[in-house]
Amino acid sequence: MGAVSTGEQVAFWILGPLAVIGGLGMVLARNAVHSALWLVLTMLNLGFFYVINSAPFLGFVQIIVYTGAIMMLFLFVLMLVGRDASDSLIETLRGQRIAAIVLGVGFAALIGTGLARSLGNNTVIGLDAANQNGNVEGLAALLFTRYVFAFEVTSALLITAAVGAMILAHVEKAQEDKRDQVTRMKERFRPGNYPGAKAGPGVYANTMSVAAPGRLPDGNGAERSISPILPVRELTPSEVAPKGTEK
């Protein structure tokens with residue numbers, strides 16, 4: 001007990017710098033998507049640390065729940081709303097940088113104090129009784145009985161973080177960019193537009209090719225039925241002629 005194997009030392013010296021690099025990249029990245037990806041790297045390394053220290057349940061929870069679910073949710077939201085480097089220089093919430101620095105320093109002091117106390121020569125009391133039926137059962141019993149309030153507060157904090165990520169990623173549209181239904185209707189029926197439904201390609205034609213224009217009731221081709229990104233191929237006379245008239 002207390003001895004660190006060679007494999008654990010190698011894993012620590014490989015994963016430890018990666019976790020630190022991921023944390024620094026999260027803080028220093030100008031792009032919000034890149035920052036989320038750096039945080040994913042740190043969380044993956046933390047999950048591996050749990051597994052190495054004989055806590056596979058916590059390791060898989062760290063990877064599946066935090067990295068696989070919560071961080072992917074943040075990442076998808078940021079990618080859907082669209083971010084670039086210039087957005088990170090704009091404060092959506094006034095004073096958020098100062099508040100983030102103060103809270104970050106306070107959180108670092110709290111974690112440092114906890115680590116300093118846990119790494120001291122303290123006698124462990126009650127650990128054997130808590131793990132009497134297994135580590136997973138003991139952890140679940142503590143989470144949903146003695147520490148259920150702290151557990152629920154943590155879940156509320158995660159939800160608040162998700163909502164905060166969406167608020168920070170939201171871009172308020174300028175008033176001139178907002179269009180109401182009346183404006184959209186006028187643009188749709190403006191002279192030169194085609195408000196009706198377009199005929200499908202190949203309709204009333206002798207071919208099923210999407211490059212062949214659909215036929216109008218008068219027999220002419222509906223050029224609007226062809227997507228502009230498709231090349232117009234050469235049609236044979238039998239394909240151009242209406243049905244029943246080709247020879």
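Just so you know, all these numbers are worked out from the coordinates, no wet-lab data involved. Because the structure is a prediction, the values reported are computed rather than measured. Cβ atoms come from the backbone with ideal geometry, glycine included; neighbour counts cover every protein chain shown.
Just a few scattered comments:
- Nearest-20 debye value, segment 23-167 charge dipole, Cβ charges on Lys, Arg, Asp, Glu: 260
- If the segment from Met166 to Leu127 were pulled out straight at 0.36 nm per residue, it would be longer than the present Cα-Cα gap by 10.0 nm.
- Residues listed by number, segment 24-51, amide nitrogen under 12 Å from Gln96 label point at 7 Å toward C-beta: 32
- Packing-based order for 9-17, 123-131, using average beta carbon neighbours within 10 Å, highest first: 9-17, 123-131
- Potential lengthening between Phe144 and Phe107 on full extension [0.36 nm per residue; Cα-Cα distance subtracted]: 10.8 nm
- Between Leu115 and Asp180, the simple spin-label model (points 7 angstrom out along Cα→Cβ) gives 5.8 nm.
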